[in-house]
Every structure is written in C-alpha cells, then in structure tokens.
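Asker: If you scroll down you'll find the structure; I have some questions about it.
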Amino acid sequence: MSALWEGHESRVLVAAHRGERFTAPENTMSAFRRAIAEGVDMIETDVRMTADGELVLMHDADVARTTDRTGPVREMSLMQFRALNAAADYEDFAPEAPPTLEEFLKLCAETDGMLIDLELKEYPTTGNEDFAYDCCDRTIAMLEDYGFGERCVLNSFSGRLLEYIDEKYGHRYRLHGYYPYCMLKGARRDPREYLWCLCVISAKQQSDGSMKHFNFNVPPKSYFDAVRADGIEPWVCAGIYSREEIGRSAQLGASLITTDYPARTLEVLRELGYHC
C-alpha cells in the first residue's frame, strides 16, 4: 500500500460517494457528517467554481436536480449559490445550503486519518481552459492550506486535466482516473505514467470509439489484473450494492470501494474480514 494508507489495517477501504447520499441530501454537510459517523475511511465529493471564483461542492453543472432552483453553478455568485436549499426534497431536513470546499475540509480535518477524493468537475474543454485550470489550482492551494496534500486523491474524467496537475506540480499529488483508459478524455500521455489509482468500470470501447457498458456492476477479473500489472491501485465505483457484489469486488482485489451505501458496505466487508 502507498503511504496514503499507512496506519490503516483494513484490506479494503470504503469511500462515501457524495456523503451518505441516500439518507441525507447529497453533497451536503449533513450527508458528510452521517458518513463520518458510520466510520468511512474516505469521502468522495465534487468541486466546482462560482462566477466569483469560490470553490463549492455540487455534482451537476446545473443546480436543478439537487436544489430548489435552476441555473449553472459557474454563472452564480457565492451568495446566490449559498441561497440555494439542497434539502428541498427531504421532509425531515431543515433547509440547508450546499457547502463550500472550505467547510468540507474543516469538517474532515476534525477526524483523524480521514481521506478525501475530490472530483474536479470543471474540464479544460475548448474555451473553458482558463476557468478549469483556475478551479484546479485554487482547489490544490486550499488542500495545502488545510494539510490535505497527503490525505487526498484528485479525480477527473479529463486526462488533460490530470496531466496538467502532474506536470505543473511535479508528481506531487495522487491522481485518480478510470479504466478502461479510453474513458480519460483528452489524454495526450500514457495515463500509466501519472495515475495512482483507477476506478474500474464494466465497459469496453467499440470499434467506432463509443463505449459499451455491460449489464453487471462488478468488472471482470481481467480488469483488476491489468490495473495491478500497471502498478496502479484498483478501485470500484459507486454502483456496487449487494452483498455478493461487495464480496466479489473485494475478492478480485479492489483496494477501495466507493459506495452510495457506506453503512451497508462497511457491514459486509467487516463480516467478510476485509475491514477492521
């Protein structure tokens, strides 16, 4: 295992996908607190940037799915973003603003050994390069301010963005990509040169360049073997639900499971002897 996990005795770690998102509003402080209380090793969340350069947590580009209003995050000021109610669809929750990255880091800093996985959602597509790189640089600066440089992985479906981080920061950060490698859009280098971990996904690239996604959640053994042969940690994405799927992922060599059901995943892994 890498130094990232020194001190952890568990063979398979558990990351809460957007917090405890099916019993609390996703990507909220309530969801993060619940996940921490359940004993997860890591929290995965999504970073975007507002029009006035503030770092906030929201999965979708538009706030419509998870709040009481509509509109792109990048066109809102921080004040407008904080006026949203991320708990509007939850009868048992008081109104709650979606959080800033800084709020999240302060919370995680209170828990010894808590790891974080930040998915950078601003991609350096044509015309968006400066905004994406600025969001990335501001995120990294804040991670360092809160002492999370050694306790995080930086995650993106943009191979170009991951290469930017690797080149600008001199291999300083652990980078999280996706397998098959063709999922990393805009990659110009061999991803094996800079990736530390990979979420393996049950998909295969077709001759026309499109991706065929299989009708099963646990990827085949060959995927795990290929990733480990490349010297990269194999992880499993959210989508693993049943006891059989959780156990099979662990058996095939997943070193971490990202899950929408952290309590259930922890319970099963502990019963099977994969988590302390």
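Asker: Let me have the 222 nm mean residue ellipticity of the chain computed from DSSP H runs of 4+ only, each contributing -39500 (n - 2.57), with the sum over all residues rounded to the nearest 500. Kindly include the intermediate steps, with their values, before the conclusion.
Answerer: Working: 8 runs with 80 residues, N = 276.
Helix contribution divided over all residues of the chain: -8500 deg cm²/dmol.
Asker: Tell me which trypsin sites (Lys or Arg not before Pro) from segment 179-220 have a DSSP coil assignment and no more than 12 other beta carbons within 10 Å of their own. Mind showing how you got there, number by number?
Answerer: Details: sites: Lys185, Arg188, Arg189, Arg192, Lys204, Lys212; in loops: Arg188, Arg189.
Passing sites in segment 179-220 are Arg188.
Asker: Tell me, for the chain, which Cys residues have no other cysteine's C-beta sitting closer than 4.7 Å.
Answerer: Singleton cysteines: Cys108, Cys135, Cys136, Cys152, Cys182, Cys197, Cys276.
Asker: Determine how many Å³ per residue the convex hull of the Cα atoms of segment 209-276 encloses. Could you put the intermediate results ahead of the total?
Answerer: Values: hull volume 6.7 nm³, N = 68.
Normalising the Cα hull of segment 209-276 by residue number yields 98 Å³.
Asker: Give, as a single signed number, the net charge of other residues whose beta carbon lies under 12 Å from the beta carbon of Phe224, with Lys and Arg counted +1 and Asp and Glu -1. Don't skip to the answer; put the middle values down first.
Answerer: On the way: positive: Lys221, Arg228, Arg248; negative: Asp225, Asp230, Glu233.
Once positives and negatives cancel, what remains is 0.
Asker: To continue, here is another question. Considering the options Val153, His171, Phe214, tell which one lies farthest towards the positive end of the dipole of segment 117-214, charges being +1 on Lys and Arg and -1 on Asp and Glu at the Cβ, about the Cα centre.
Answerer: Of the options given, the answer is Phe214.
Asker: Let me ask something additional. Could you point to the residue in Asn85, Ile201, His275 farthest towards the positive end of the chain's charge dipole, with +1 and -1 charges on the Cβ of Lys/Arg and Asp/Glu respectively?
Answerer: About the Cα centre, the residue reaching furthest to the positive side is Ile201.
Asker: Note down, for segment 100-155, the three equivalent ellipsoid semi-axes (square root of 5 times each alpha carbon gyration tensor eigenvalue), biggest first, whole angstrom. Can you show the working numbers first?
Answerer: Details: eigenvalues 114, 20, 16 Å².
Largest first, segment 100-155 gives 24, 10, 9 Å.
Asker: Mind checking the dipole of segment 173-232: about its Cα centre, +1 per Lys or Arg Cβ, -1 per Asp or Glu Cβ, Debye to the nearest 20?
Answerer: Values: 9 positive and 5 negative charges, 18 e Å.
Computed about the Cα centre, the dipole is about 80 debye.
Asker: Let me ask something else. With Rg and the Kirkwood Rh both taken from Cα atoms, where does Rg over Rh land for the chain? Can you show the working numbers first?
Answerer: Details: Rg = 18.0 Å, Rh = 19.1 Å.
On the Cα set of the chain, Rg over Rh gives 0.94.
Asker: Follow-up. Can you give the % of DSSP beta bridges in the chain that are antiparallel, to the nearest 5?
Answerer: Numbers: 8 of 40 bridges.
Within the chain, antiparallel bridges account for around 20 percent of the total.
Asker: So how much accessible area does Asp92 have, in Å² to the nearest 10, using a 1.4 Å probe?
Answerer: Using a 1.4 Å probe on the heavy atoms, I get roughly 150 Å².
Asker: Continuing with this model, one more query. If you place +1 on the Cβ of every Lys and Arg, -1 on the Cβ of every Asp and Glu, and leave all else neutral, what size is the dipole of the chain about its Cα centre, to the nearest 20 Debye?
Answerer: Working: 30 positive and 46 negative charges, 170 e Å.
The dipole of the chain has a size of about 820 debye.
Asker: Please give the contour-minus-distance gain from Asp89 to Arg69: 0.36 nm per residue of separation, less the Cα-Cα distance, rounded to one decimal in nm.
Answerer: Full-extension gain reported as 6.0 nm.
Asker: Pull up all non-local amide H partners of Val14: gap of 5 or more, or a different chain, and H-to-H distance under 5 Å with H placed in the peptide plane.
Answerer: Correct list: Asp41, Met42, Ile257.
Asker: Moving on to the next point. Using a Förster distance of 41 Å, how high is the FRET efficiency between Tyr169 and Asp52, based on the Cβ-Cβ distance and rounded to 0.05? Write out the running numbers ahead of the final one.
Answerer: On the way: r = 25 Å, r/R0 = 0.61.
Once the sixth-power term is evaluated, E becomes 0.95.
Asker: Further question on the same structure: Which translational diffusion coefficient, to the nearest whole µm²/s, is obtained for segment 146-193 from the Stokes-Einstein equation, given a Kirkwood hydrodynamic radius over C-alpha pairs, 37 °C and 0.692 mPa s? The partial results should precede the final answer.
Answerer: Working: Rh = 11.0 Å.
For the chosen part, D equals 298 µm²/s.
Asker: Right, something else. Of Pro191, Gly39, Ala61, which is farthest on the positive side of the dipole of the chain, counting Cα position, with +1 on Lys and Arg Cβ, -1 on Asp and Glu Cβ, and the Cα centre as origin?
Answerer: Pro191
Asker: In the chain, how many lysine pairs have Cα atoms under 20 Å apart, counting only pairs 8 or more places apart or on different chains? Don't jump to the answer; show the numbers that get you there.
Answerer: Numbers: Lys121/Lys168; Lys121/Lys185; Lys168/Lys185; Lys185/Lys204; Lys185/Lys212; Lys204/Lys212; Lys204/Lys221; Lys212/Lys221.
For the chain, the number of qualifying lysine pairs is 8.
The values are calculated or read from the model by the stated rules, or taken from the named source; none is laboratory data. Remember, predicted model here, so these are calculated numbers, not experimental data. Note that we place each Cβ from the backbone using ideal geometry, even for glycine, and neighbour counts take in every protein chain shown. Only protein heavy atoms, including side chains, enter the accessible area calculation; ligands, DNA and RNA are left aside. Shrake-Rupley method; radii C 1.70, N 1.55, O 1.52, S 1.80 Å.
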